[in-house]
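The block underneath contains the structure these notes are about, expressed in structure tokens.
The values are calculated or read from the model by the stated rules, or taken from the named source; none is laboratory data. Just so it is clear, the model here is predicted, and its values are computed rather than measured. With ideal geometry, Cβ positions are generated from the backbone for all residues, glycine too; neighbour counts draw on all protein chains shown.
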Amino acid sequence: MKDEPLKNDIASYIAAVGRNARESSRIIGSATSASKSEALKQIAAAVDGARAAIREENAKDMAAAEHNGIDQPLIDRLLLDDKGIDQMIEGILQVDALKDPVGEMSDFSYRPTGIQIGKMRVPLGVIAMIYESRPNVTVDAASLSLKSGNACILRGGSEAFHSNQAIAACVTQGLVAAELPATTVQLLNTTDRAAVGELLKMHEYVDVIVPRGGKGLIERISSESRIPVIKHLDGICHVYIDSDADPEMAISIAFNSKVEKLAVCNALETLLIHADAAQCVLAPLAAQLSDAGIELRGCERAQGIVAMNPATEADWGEEYLGPILSIRIVDDMPQAIAHINDYGSQHTDVIVTENYTKSRAFITQVDSASVMVNASTQFADGFEYGLGAEVGISTDKIHARGPVGLEGLTSQKYVVLGHGEIRHR
């Protein structure tokens, strides 16, 4: 019973945050493009002016992460130096430069009755985002929510608590300067896990939950939430090198897909190679990967070409997020597609081929959010897709799929225009 008052305090606090968000959503949802643009510019200026404070608070998080033995890739994602702050500012201004989707009218047509029917793009309302590690997500989520006319509630990870608070203060400063409600964007001021549980129950205030982090976090939110969730659990991405692939291109794409960044959801985890291409591609590619510190785990046929560790059944379904790559030799493209659809996570998958017919079959038959031809998996990103930024990458099939940018944070409603028409049954 000792913790009951605290639990009640958390519940009251989260309920107040939810009420404030709902009230703010009605204002920001009808705000003009000009006022939203002014807020984004003011936020960017506030971040620029708070560089020293942001670096100071980030240093506290970095010291705690190192003391707690957090893995180096996560520490790297936590760091906010001047370059990282510059990138945050650039991201805000890129979102500002995007076309405002709210109020966009489309698909109008006349019915035989004389009425005109079309659609209008509208905000979702209140978005709650629960995320880990990367403090730049705070400003990405705030910018995209604001531009798309949504209020948002942010709950960052404890490892970035001080950094997130410093960034959120800049967001609030920008909103107030633009004469928009300060509660349009609210960052929770607690790391208590009970706050997440309360947030997941607030269906009367929150319209959608967007989790961004490790598999454990996303599984918990998906199972506990009473609110719709936009999510992806794993990023098990594949590159298939076809028999008709250009070898030099294939090696370049596979290498970049794995090595450009390791601890990201769009990194290559399993490489599939057609048996006819394996002899000329695998050895030089394996040499490059080994030089880059990548551990190779392969099927028996791959091991017969290049010395590497044996792959187990579990490897085909593993998201390593680190310097490990599994490799399988396949007999043909249908076998590669079957492997992807059986073991993949419907995130991002690539074919490298010069054969147009095969490329068309691959993009038709592979059931993933992003399917690519002759390009690195690392392009599966909101910035690279021209979205300015993203709140995450969805592997769901309903509402939003792939990188979720401005349009993914809106919906459509029907608009009917008449001239006094009445219905007769």
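Assorted remarks:
- For the range 58-70, the count of residues that are within 25 Å of the chain's Cα centre (by Cα), under 30 Å from Ile324 (Cβ atoms) and free of Cβ contacts under 8 Å to residues at least 60 places away in the same chain is at least one.
- Cβ-Cβ under 7 Å pairs, at least 6 apart or on other chains, the range 346-373 side without any contact (Cβ under 8 Å) to a residue 24 or more places away in the chain and closer than 20 Å to Pro247 by Cβ, far side of a type in the set (Ser, Thr, Tyr) and assigned to a helix (DSSP H, G or I): Val373/Ser359
- Some residue of the range 386-402 being free of Cβ contacts under 8 Å to residues at least 40 places away in the same chain, farther than 20 Å from Ile218 by Cα and either under 12 Å from the mean Cα position of the chain (by Cα) or not assigned by TED's automatic domain parsing to the domain that holds Asn256 (or both): yes
- Flag if Asp331 is under 19 Å from Asp244 (Cα atoms) and in contact (Cβ under 8 Å) with a residue 12 or more places away in the chain: yes
- Here Gly408 fulfils each of the conditions (1) part of a helix (DSSP H, G or I); (2) assigned by TED's automatic domain parsing to the domain that holds Ala245 apart from (2).
- Every residue from the range 334-382 that is more than 18 Å from Ile253 (Cα to Cα) and among the β-branched types (Val, Ile, Thr): Ile337, Thr357, Thr364, Val366
- Any chance Ala128 is part of a helix (DSSP H, G or I) and at pLDDT 95 or above: no
- Flag if Lys215 is farther than 22 Å from Leu144 by Cα, under 15 Å from the mean Cα position of the chain (by Cα) and among the charged types (D, E, K, R): yes
- Out of Val206, Val210, one residue alone is modelled with pLDDT of 95 or more and either out of contact with any Pro (no Cβ under 6 Å at 6 or more places or on another chain) or over 25 Å from Asp342 (Cα atoms) (or both). It is Val206.
- Of the set (1) touching a helix residue (DSSP H, G or I) at 6+ places or on another chain (Cβ under 6 Å); (2) in a helix (DSSP H, G or I); (3) aliphatic (A, V, I, L, M), all apply to Leu325 but (2).
- Matching option when the condition is assigned by TED's automatic domain parsing to the domain that holds Ala53, touching a His at 6+ places or on another chain (Cβ under 7 Å) and not hydroxyl-bearing (Ser, Thr, Tyr), among Gly157, Gly114, Gly149: Gly114
Yes/no matrix, rows are residues, columns are (1) in contact with a Phe, Trp or Tyr (Cβ under 6 Å, 6 or more places away or on another chain); (2) surrounded by fewer than 22 Cβ atoms within 10 Å (Cβ to Cβ):
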| position | (1), (2) |
| --- | --- |
| Ile209 | no, no |
| Gly213 | yes, yes |
| Leu217 | no, yes |
| Val229 | no, yes |
| Asp234 | no, yes |
| Lys258 | no, no |
| Ala286 | no, no |
| Arg301 | no, yes |
| Gly317 | yes, yes |
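- Applying the criterion of being assigned to a helix (DSSP H, G or I) and touching a helix residue (DSSP H, G or I) at 6+ places or on another chain (Cβ under 7 Å) to the residues of the range 278-300, the residue that is farthest from Glu318 (Cα to Cα) is Cys280.
Each row is one residue, and each column tells you yes or no for (1) over 22 Å from Asp61 (Cα atoms); (2) assigned to a loop (DSSP other than H, G, I, E, B); (3) charged (D, E, K, R); (4) in contact (Cβ under 8 Å) with a residue 60 or more places away in the chain.
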position: Val176; (1), (2), (3), (4): yes, no, no, no
position: Ser223; (1), (2), (3), (4): yes, no, no, no
position: Leu233; (1), (2), (3), (4): yes, yes, no, yes
position: Tyr240; (1), (2), (3), (4): yes, no, no, yes
position: Ile253; (1), (2), (3), (4): yes, no, no, yes
position: Lys258; (1), (2), (3), (4): yes, no, yes, yes
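- Candidate set: the range 91-125, residues that are assigned to a loop (DSSP other than H, G, I, E, B) and of a type in the set (Lys, Arg); chosen: the one surrounded by the fewest Cβ atoms within 10 Å (Cβ to Cβ): Lys99
- Out of Val350, Val373, one residue alone is surrounded by fewer than 21 Cβ atoms within 10 Å (Cβ to Cβ) and touching a strand residue (DSSP E or B) at 6+ places or on another chain (Cβ under 8 Å). It is Val373.
- Members of the range 103-133 that are within 16 Å of Thr32 (Cβ to Cβ) and either in contact with a helix residue (DSSP H, G or I) (Cβ under 8 Å, 6 or more places away or on another chain) or not aliphatic (A, V, I, L, M) (or both): Gly103, Glu104, Arg121, Pro123
- Candidates Cys299, Cys280, filtered to the one that is modelled with pLDDT of 95 or more, more than 30 Å from Ser133 (Cα to Cα) and out of contact with any strand residue (DSSP E or B) (no Cβ under 6 Å at 6 or more places or on another chain): Cys280
- Selection over the range 134-153 of residues that are in contact with a helix residue (DSSP H, G or I) (Cβ under 9 Å, 6 or more places away or on another chain) and either surrounded by fewer than 24 Cβ atoms within 10 Å (Cβ to Cβ) or in a helix (DSSP H, G or I) (or both) gives a count of 12.
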